[in-house]
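Engineer: What follows is a single structure, and I will ask about it in a moment.
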Amino acid sequence: MTVSLAHLRQFLARQPTAESPPQHRWQTFLAAHPALALIQALLADLPGFLLLLALPAGLALLALAWPADPFDPRQWPLPGAGLALSGIGLWLLPGLLRPQQKPRGLSLEHAMAPGLFGWISEAENQWGKPVVDRIVLRSGWRLRVVATPRRGLPWPPTRSLEIGLPLLLTLSAEQFRALLGREIGRAAHQHALLTGRLANLARIWDQYADHFRRHHQRLGQRLFTAVARFYRRAAQPVCRLDTLAADTGAIQFVNDRELAEVLAQEAVTRRFLRQRFWPKIRQLAGREDPPRHLPYASLSKVAAAGMDRAFLQQALDQALAEPDGPDMPGLATRLEHLGFRKPLPPRSPGRFAATEAIAPESLVAILHEFDRRWVRRQRKKG
């Protein structure tokens, strides 16, 4: 039986020339079976908890499996493991008993940002659970609640709400409040009982590794760095599930169409800052000494003027075309999960969240302080 060349080409065009890597196939399989993704993450967090509980676990093994004949080597595997765990636990104990460093940034008090504190209280009441212990302003594009272990075990933690100042300077009050309500709901674990805690463990193990590095304890740093890398890879499907679950849960705080527009606005604004604003600011800073174009004092004005309709549509198309990341679904996947193929083009906000969240006097001082720090960093870079 013969096959024509045209049929052969058509067949090869339909078939992949090489199989996808086993890891990619496994990740695809887990994405289709969420229960298995949860089991994988649960099993992957066991080494981390074994390190935290190494001393009591080792002592328990020694007490339960102490050999009847200490001179018989065949009776020593379990007691030997108990001795090893006890030794590791004793070595890690001083570091575990030290308090961990909380996320750094400009700490906000109620008098500085009464509007922001009101929004947080409203969101916490909406979700029925207080989750924010402190608020810090950072320079990057971020909005997240970071749970920092106090001593020993990860719970109970100190929860710090990290807010990137660029979000307050480029998003409207309604857009920022929608993202704030989503993040507080995520931290309250009201959207998903298990995936939120498992996704949060990826940050917890990183914090332990940084904690031991800061205190120059090499063994603890290496052990928890290995645990963090292993767990981060194993928990990638759970982190994707948690992001989608948080989007679904946020619909309780804002309707689905508004949330879709806010997610699109966030993606487009972040792209504007990365592609246009910060490269231009750094270019100007390289020509001026001292820099006259200060980023944070001018960010709102530049964003309002620079994000014209043509850029908004182009940036939205680019954001929708981005593929999913290993642990973070892309914008197209998140919108499709909410039931939208493509949202309306984002709009340039008229009144930014910073003017309603922060008191006027405090806002002026905050912008000055962030610009001063930025100028100092640029000078250190030469």
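The values are calculated or read from the model by the stated rules, or taken from the named source; none is laboratory data. Computed from a prediction, not measured in an experiment: that's the story for all the values here. Cβ: placed from backbone, ideal geometry, glycine included. Neighbour counts: every protein chain shown. Note: accessible area is taken over every heavy atom of the protein model, side chains too, but ligands, DNA and RNA are not part of it. Shrake-Rupley method; radii C 1.70, N 1.55, O 1.52, S 1.80 Å.
Engineer: If you put +1 on each Lys and Arg Cβ and -1 on each Asp and Glu Cβ, how big is the dipole of the chain around its Cα centre, in Debye rounded to 20? Provide the component values of the computation, followed by the final result.
Structural biologist: Values: 51 positive and 31 negative charges, 278 e Å.
With only Lys, Arg, Asp and Glu charged at Cβ, the dipole is about 1340 debye.
Engineer: Step through the residues of segment 234-241 one at a time and calculate ³J(HN,Hα) from phi using the Karplus curve (6.51 cos²θ - 1.76 cosθ + 1.60, θ = phi - 60°), rounding each to whole Hz and writing x for Gly and Pro.
Structural biologist: Each residue's phi maps through the Karplus curve to give 6, 8, 4, x, 5, 5, 5, 4 Hz.
Engineer: Here's another thing I want to ask about it. Measure nothing fancy, just the Cα-based angle from helix 360-380's long axis to the longest principal axis of the chain, in degrees from 0 to 90, nearest 10.
Structural biologist: 70
Engineer: Restricting to the chain, what percent of DSSP beta bridges are antiparallel, rounded to 5?
Structural biologist: 65
Engineer: Once you list every other residue whose beta carbon is under 15 Å from the beta carbon of Gly196, what net charge do they have if Lys and Arg are +1 and Asp and Glu are -1?
Structural biologist: Values: positive: Lys129, Arg144, Arg159, Arg182, Arg186, Arg197, Arg203, Arg240; negative: Asp45, Glu183, Asp242, Asp247, Asp327.
Around Gly196, the charge tally is +3.
Engineer: Gap in Å between the Cα centre of segment 91-106 and the Cα centre of segment 258-299?
Structural biologist: Segment 258-299 and segment 91-106 have Cα centres spaced 34 Å from each other.
Engineer: Could you give the length gained by full extension between Ala68 and Ala226, i.e. 0.36 nm per residue of separation minus their alpha carbon distance, to one decimal place? Write out the running numbers ahead of the final one.
Structural biologist: Values: separation 158, 0.36 × 158 = 56.88 nm, distance 3.60 nm.
Extra length from Ala68 to Ala226 when fully extended: 53.3 nm.
Engineer: Could you run the Karplus curve 6.51 cos²θ - 1.76 cosθ + 1.60 with θ = phi - 60° over segment 207-222 and give me ³J(HN,Hα) per residue in whole Hz, x for Gly and Pro?
Structural biologist: Residue by residue, segment 207-222 yields 5, 5, 4, 5, 4, 6, 5, 5, 9, 6, 10, 4, 4, x, 4, 5 Hz.
Engineer: Turning to a different aspect of this structure: Helix 114-127 sits at what angle to the longest principal axis of the chain, using alpha carbons and giving 0 to 90 degrees rounded to 10?
Structural biologist: Long axis of 114-127 versus the principal axis of the chain: about 50 degrees.
Engineer: Moving on to the next point. Just the number please: accessible area per residue for segment 287-382, 1.4 Å probe, all protein chains included, in Å². Walk me through the numbers on the way to the answer.
Structural biologist: Working: 5810 Å² over 96 residues.
Roughly 60 Å² per residue, with all protein chains present.
Engineer: Residue by residue, what Karplus-based ³J(HN,Hα) values in Hz, rounded to whole numbers, does segment 56-64 have, using 6.51, -1.76 and 1.60 with θ = phi - 60° and x for Gly and Pro?
Structural biologist: x, 5, x, 5, 5, 4, 5, 6, 8
Engineer: Now for a separate question. Starting from the Cα of Trp278, step 7 Å along the direction of its Cβ; do the same at Trp91; then give the gap between the two resulting points in nm.
Structural biologist: Taking the two extended label points, one gets 3.8 nm.
Engineer: Given the options Gly181, Gly164, Gly87, which has the most mean-square fluctuation in a GNM of the chain, springs set between C-alpha atoms less than 10 angstrom apart?
Structural biologist: Gly87
Engineer: By average Cβ neighbour count within 10 Å, what is the ranking of 65-78, 368-381, 293-306 from highest down?
Structural biologist: Numbers: 65-78: 11.3, 368-381: 13.2, 293-306: 17.2.
Averaged packing, sorted descending, gives the order 293-306, 368-381, 65-78.
Engineer: Report, to the nearest whole %, how much of the accessible area of segment 258-337 belongs to carbon and sulfur atoms, 1.4 Å probe, protein only.
Structural biologist: That share works out to 51 percent.
Engineer: Using only helices, what value at 222 nm comes out for the chain when you add -39,500 (n - 2.57) per DSSP H run of length 4 or more and divide by the total residues, to the nearest 500 deg cm²/dmol?
Structural biologist: On the way: 19 runs with 245 residues, N = 382.
About -20500 deg cm²/dmol.
Engineer: By how many degrees, between 0 and 90 and to the nearest 10, does the Cα long axis of helix 5-14 differ from the longest principal axis of the chain?
Structural biologist: 80
Engineer: From the alpha carbon gyration tensor of the chain, can you work out the equivalent ellipsoid semi-axes (sqrt of 5 times each eigenvalue) and give them in Å, largest to smallest? Intermediate values should be presented prior to the final figure.
Structural biologist: Details: eigenvalues 342, 211, 90 Å².
With the √(5λ) rule applied to the chain, the semi-axes are 41, 32, 21 Å.
Engineer: Counting only DSSP beta bridges with both residues in segment 102-188, what percent are antiparallel, rounded to the nearest 5? Mind dumping the intermediate values first?
Structural biologist: Working: 9 of 14 bridges.
Around 65 percent antiparallel, to the nearest 5.
Engineer: Scan segment 255-295 for GluC sites (Glu not before Pro) in coil per DSSP, keeping those whose Cβ has at most 14 other Cβ atoms within 10 Å, and list them by number.
Structural biologist: On the way: sites: Glu258, Glu261, Glu266, Glu288; in loops: Glu288.
Answer by residue number: Glu288.
Engineer: May I pose another question? Roll a 1.4 angstrom probe over the protein heavy atoms and tell me the percent of accessible area of segment 49-201 that is carbon or sulfur. List each step's numbers first, then the result.
Structural biologist: On the way: 4370 of 7080 Å².
Carbon and sulfur together cover 62 percent of it.
Engineer: Taking amide H positions as placed 1.01 Å from N in the peptide plane, with prolines and chain starts having none, which residues 5 or more places from Leu106, or on another chain, fall under 5 Å of its amide H?
Structural biologist: Amide H neighbours of Leu106, under 5 Å, 5+ apart: Leu137.
Engineer: Under a Cβ-Cβ cut-off of 11 Å, what is the net charge of the residues other than Pro156 that fall near it, where Lys and Arg count +1 and Asp and Glu count -1? Write down the numbers at each step before the final one.
Structural biologist: Details: positive: Arg150, Arg151, Arg159; negative: Asp133.
Here the charged neighbours net out to +2.
Engineer: Report the local net charge at Ala147: Lys and Arg +1, Asp and Glu -1, summed over other residues whose C-beta lies under 9 Å from its C-beta.
Structural biologist: Numbers: positive: Arg159, Arg203; negative: none.
Once positives and negatives cancel, what remains is +2.
Engineer: Give the cross-link partners of Lys280 among the lysines, using a straight C-alpha distance below 17 Å as the criterion and excluding same-chain residues fewer than 8 apart.
Structural biologist: In chain and number order, the partners are Lys301, Lys381.
Engineer: Sequence-distant or interchain residues sharing an amide H contact under 5 Å with Thr158, placed H: which?
Structural biologist: Residues meeting the criterion, in which the H sits 1.01 Å from N, are Thr148, Arg150.
Engineer: Now a separate question. How long is the gain from Arg142 to Lys301 if the chain were fully straight, where each residue apart is worth 0.36 nm and the alpha carbon distance is subtracted?
Structural biologist: Between Arg142 and Lys301, full extension yields 55.2 nm more.
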